[in-house]
Amino acid sequence: MAVSPASTELVHAVRPAAEGSAGDAASPEALRRISHALADAGRGRVTIQRKGLEKLKAALAAVRTHDYQKGAARCLEALQLDERNGLAWHVLAICREKSGDFAQALTAYEAALKLLPDETEVAHDLARLAQRLGYLEIAEKLLTKYLAANPGHVEATNNLACVLRDAQRYGDAVQVLRDMIAIEPGDAILWNTLGTVLSDQGDMRTALTFYEEALRLDPGLAKARYNRANARQPLGDQEGALEDLIAAHAGAEPGYEQAMMTMARALLLMGMGRIAEGFDAYEARLDPAMPEALRVVVEAPRWRPAEMDIRGRRLLVVGEQGIADEMVFGACLADAIQAVGPEGRVYVAVDPRMVDMFQRTFPAAVVGAHRSARLEGRLTRICPFVDDLPDAERPDAWTPMGSLLAVYRRSLADFPSGRGYLKPDPARVEHWRRELAALGPELKVGLHWKSLVLDGSRARYFSGFDGWKPVLTTPGCRMINLQCGDTAQDLAQAEAEGLTIWTPPINLKDDLEDLAALSQACDVVVGPGIAGINLAAATGAEAWIIHAPDDWHLLGGDRYAFYPQARTFPTGGFDGWPGAIQAVREALDQRVAQRTA
């Protein structure tokens, strides 16, 4: 079974995905099943060498104490004795999954499934991991196979609904759940997953009802309590959401679930304005248990401010997540440069498309490109320009760029009050001002309207193109397309309706130097909080940002502290896009009136 890596095009991380999948490959029940299989082997019902059997018993004991490295080592010893030991591959897969080695876990599960084709629990475990990593088609096939052998199995049916939800086949997911709830109305996990289907679509009030029912049936269900927190927060109940997250974490499964809930708590604290606590907790994004946690390969220790004074030192700052995050976090680079002083040096690794702009902005630093790849299932980042430095000039320590927040932004007073910080190429700004002037006297409005990533719950953070019509039809405005990605259908629709949107002759995804210059040349740039609008705001352009109710970047206020000049337009809820877009239209009408007065 071949798998392809999930997309690594990350932009402005949102709250961790709702939890609905049931079961755990290392649960007491799952381990009992494996223990019974080992007992059968001991009685001769399954052929396993005695030495291999002892190794597997030791591996299972290690798994029970959460020592997954030791468990994996014992499994590998058993496989050296017999590489066709399916149980050894299965236990190894569990150890790899629990250790965060997802690629190796997938390989081990596949080997186990091939050697134990009738052992449907292996298929179920592999399906859960495949769904978590975004391999939805594979997960659906495995679960369908499992249910064919185990019809009416609640966990597998629930997990199939989760896969259908993640594939945005919401109607199919609801039908699968309704059919099972009709048979098992007292099963809390089914009600919880039904809630996640609604919350993915932005219907938080209805989702909240289902989470409440799940918790009525099982007050200790950590998944439902976590999901209720994620519904309560955008509905305005931040304190209730925090209470739920704390309670959910206490009952969560070790590893991914606990890391995910810690991450959610960090985002909530930041959104509540509890900045220092939130930025400290934000380190959870780097927990290896998180599938998208970044791993940096560099020959230097991680900088711990309490352990190393960086005055006079050489510090490597590595950009992380997507380019929007590099722009948000990048404003802290000035603080780091000041902290190392003239005797020190800051090296900055950013997306290759941003190198020249960051170097222009921070001439005292050395800026180079990072490179990313999937190694052993983990997003891994290297910094070749640093590796090429002489030994005497190599960094003394490194830090993820986002971790600078916890050092230099402990309160709102620590945020700069200036108008942007990134410096586009002045010559390109003037070029685009001339190009825009040639289009006519209208107000030039740069427009973004969607993310490159619209799978699963991300879709609720954006309006369909149809919803932008009030803005597109504003008299006295000329719309400038700044949206990257596949926009052909949207632009064709606009043209068919007689709407004019000018698209510049550049690559809007990769030519970020020109995009930054063009954004600054526009009178206004409008859009949701994706990479393009962040680029405009970071350069000091007049950016109007439409934001969701759970956008942590507001830090408890009504503005983006990262971009003081940016104007914000709240949706008020995931169903509030029409009102926010209408507010933008009214603001544009006012700008046009002021311009022509």
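The values are calculated or read from the model by the stated rules, or taken from the named source; none is laboratory data. These figures come from a predicted structure and were not determined experimentally. No Cβ is skipped: glycine too gets one built from the backbone with ideal geometry, and neighbour counts run over all protein chains shown. Remember, those area values only see protein heavy atoms, side chains included, never the ligands or the DNA or RNA. Shrake-Rupley method; radii C 1.70, N 1.55, O 1.52, S 1.80 Å.
For the chain, what relative contact order do you get, as a whole percent, if you take Cα pairs closer than 8 Å and at least 6 residues apart? Reported relative contact order: 13 percent. The value obtained for the chain, namely the Cα convex hull volume divided by the number of residues, is 165 Å³ per residue. Counting pairwise Cα distances across region 413-453, what percent come out greater than 14 angstrom? Above the 14 Å cut-off, region 413-453 has 70 percent of its Cα pairs.
If one computes P(r) from the Cα atoms of region 157-207, what percent of pairs lie at distances over 13 Å? Roughly 48 percent, rounded to a whole number.
Starting from 0.36 nm per residue, how many nanometres of slack lie between Glu343 and Val297 once their C-alpha separation is accounted for?
14.0 nm
Can you tell me the orientation of helix 426-437 relative to the chain, as the angle in degrees between its alpha-carbon axis and the longest Cα principal axis, to the nearest 10? On a 0 to 90 degree scale, this one is about 70. Restriction of the GluC sites (Glu not before Pro) in region 475-514 to DSSP coil positions whose beta-carbon has at most 11 other beta-carbons within 10 angstrom yields Glu497. In terms of overall dimensions, the C-alpha atoms belonging to region 259-303 reach 37, 22, 10 Å along their principal axes, ordered largest to smallest. Note on region 261-330: dipole from Cβ charges, positive end direction compared against Pro301, Leu269, Gly330; the farthest Cα belongs to Pro301.
Annotation: average projected area of region 511-597 is 6.0 square nanometres, based on the convex hull of Cα atoms across all directions. Using the Cβ-Cβ distance between Asp179 and Asp118 with R0 set to 35 Å, the FRET efficiency from 1/(1 + (r/R0)^6) comes to roughly 0.85. The mean accessible area for residues of the chain, using a 1.4 Å probe and ignoring ligands and nucleic acids, is 41 Å² per residue. When the inverse distances between all different Cα atoms of region 446-597 are averaged and flipped, the Kirkwood radius reads 15.7 angstrom. Each residue, Asp510 and Leu412, gets one label point 7 Å from its Cα in the Cβ direction; the gap between the two is 4.3 nm.
Taking Cα atoms only, the orientation of helix 222-232 departs from the longest principal axis of the chain by about 20 degrees. Working from the Cα coordinates of region 385-513, the gyration tensor eigenvalues give, after taking √(5λ), semi-axes of 37, 21, 18 Å in decreasing order. Helical runs (DSSP H, four residues minimum) scored at -39500 (n - 2.57) apiece and divided by the length of the chain put the mean residue ellipticity at 222 nm at -15000 deg cm²/dmol. Sites listed here are chymotrypsin sites (Phe, Trp or Tyr not before Pro) in region 549-597 whose DSSP assignment is loop and whose Cβ has at most 16 other Cβ atoms within 10 Å, and the list is empty.
Of the DSSP beta bridges with both residues in the chain, give the percent that are antiparallel, rounding to the nearest 5.
10
Normalised by 2.2 N^0.38 Å, with N the number of residues, the alpha-carbon radius of gyration of region 67-113 equals 0.97. Counting only protein heavy atoms and using a 1.4 Å probe, what share of the accessible area of the chain belongs to carbon plus sulfur, as a whole percent? For the chain, the apolar C and S fraction of the accessible surface comes to 50 percent. Here the Kirkwood formula, the inverse mean of 1/r across different C-alpha pairs, assigns region 223-267 a hydrodynamic radius of 10.0 Å. Can you tell me the orientation of helix 577-596 relative to the chain, as the angle in degrees between its alpha-carbon axis and the longest Cα principal axis, to the nearest 10? Orientation of helix 577-596: about 20 degrees from the principal axis. A convex hull fitted around the alpha carbon atoms of region 228-366 yields 139 Å³ per residue.
Each Lys and Arg contributes +1 and each Asp and Glu -1, all at the Cβ; summed about the Cα centre of the chain, the dipole is approximately 640 debye.
Calculate the length of the line joining the C-alpha centroid of region 403-426 to that of region 524-597, in whole Å. Answer, in whole Å: 19.
A dipole drawn for the chain from +1 and -1 charges on Cβ atoms has a positive end, and of Cys95, Leu412, Tyr226 the residue lying farthest that way is Cys95.
Each 10 Å bin from zero up to the one holding the largest Cα-Cα distance in region 77-158 carries the following percent of pairs: 20, 50, 26, 4. The GluC sites (Glu not before Pro) of region 285-351 that DSSP puts in a loop, and whose beta carbon has at most 11 other beta carbons within 10 Å, are Glu299, Glu307, Glu343. Once Rg and the Kirkwood radius are both taken over the C-alpha atoms of region 329-436, their ratio Rg/Rh works out to 1.01.
Here the label points at Ala61 and Glu497, each 7 Å from Cα along the C-beta direction, are separated by 6.9 nm in the simple model.
Computed on region 494-561, the Cα convex hull volume stands at 121 Å³ per residue.
Neighbours of Gly251 by Cβ distance under 10 Å: Lys/Arg scored +1, Asp/Glu scored -1, total 0. Full extension of the chain segment joining Leu235 with Ala427 gains 64.5 nm, where the gain is 0.36 nm per residue of separation less the Cα-Cα distance. Compactness ratio for region 128-218: Cα radius of gyration over 2.2 N^0.38 Å (N = residue count) comes to 1.03. Measuring r between the beta carbons of Leu81 and Ala149 and using R0 = 22 Å, the FRET efficiency lands at 0.15. About the centre of its Cα atoms, region 425-569 shows a dipole size close to 260 debye [charges on the beta carbon of Lys, Arg (+1) and Asp, Glu (-1) only; nearest 20 debye].
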